[in-house]
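To start, the structure under review is shown below, and the notes come after it.
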């Protein structure tokens, strides 16, 4: 595989990283990874689309080879701003957006706020927690949510970065996280997702503070309402072995007014684009062709 080139850009004074798969004369596409992940998790997807699109894939702040925040607050709206900055600086619009998990949520919000700049949207398990979990966890009084956040941040501040004695040990942890991965997939993700420490051990690249969800920001009910502002054809994807709930059954698809397609993949968990790569690519290509 001839890999992408590595680049940096700046957003809110942070030095952020992205990769570019070339083909700059082709229509633009951006691939946005999920939480505690990195831009090279898209390599297999990018390989299938690179001849037809100009693809870029960023490392979100606090992830991969992008700079960490000074402080502990990673808010979704800041991630969205970073994506807006990158696409504006690269002059990539109208753009096809594909996002996974946290990246899917970012993709939905970016598209809702910039509907005229997105041509098509593919969101892999990016609708957030099931409504029942949101109700129990996020609809608590503000005082409780802020105190919980303070407690979580304090725990993170005392958390020691986990070190793996060898790359093979880190690889084993990667395989435990997603048993659907092949040996080659797990090794690729581990190599690009870890750094070797000065003592020779290995640690994951992401900032542990990204685990904490800010008690402030756009309320979930308003996030859902913003989906009504999405205008482009949208494909929602989920794995039947994932924790994510069915957005049709729980009513969340009713928020959309754009042309909407929903696909569920058997034998796939949260990382559908890894677990069922060929079927995922075929589905997305068919969707994009029909949306053209």
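Side notes on the structure shown:
- When 38, 17, 48 are screened for being within 15 Å of the chain's Cα centre (by Cα), in contact (Cβ under 8 Å) with a residue 24 or more places away in the chain and within 23 Å of residue 184 (Cα to Cα), only 38 passes.
- Failed item, numbered, when residue 172 is tested on (1) at positive phi; (2) part of a helix (DSSP H, G or I): (1)
- Looking across the range 157-172 at every residue that is in contact with a helix residue (DSSP H, G or I) (Cβ under 8 Å, 6 or more places away or on another chain) and in contact (Cβ under 8 Å) with a residue 24 or more places away in the chain, the one that is surrounded by the most Cβ atoms within 10 Å (Cβ to Cβ) is identified as 170.
- Selection status of residue 98, touching a helix residue (DSSP H, G or I) at 6+ places or on another chain (Cβ under 6 Å) and surrounded by 24 or more Cβ atoms within 10 Å (Cβ to Cβ): no
- Candidate set: the range 21-35, residues that are in a loop (DSSP other than H, G, I, E, B) and surrounded by fewer than 22 Cβ atoms within 10 Å (Cβ to Cβ); chosen: the one farthest from the chain's Cα centre (by Cα): 25
- When the range 228-254 is limited to residues that are part of a loop (DSSP other than H, G, I, E, B) and either within 17 Å of residue 111 (Cα to Cα) or without any contact (Cβ under 8 Å) to a residue 24 or more places away in the chain (or both), the one that is farthest from the chain's Cα centre (by Cα) turns out to be 249.
- Some residue of the range 146-163 being part of a helix (DSSP H, G or I) and either farther than 19 Å from residue 72 by Cβ or touching a strand residue (DSSP E or B) at 6+ places or on another chain (Cβ under 9 Å) (or both): no
Every read-out reported here was derived from the displayed coordinates using simple, explicitly stated rules and does not represent laboratory data. Quick caveat: nothing in here was measured; it's all calculated off a predicted structure. Cβ atoms come from the backbone with ideal geometry, glycine included; neighbour counts cover every protein chain shown.
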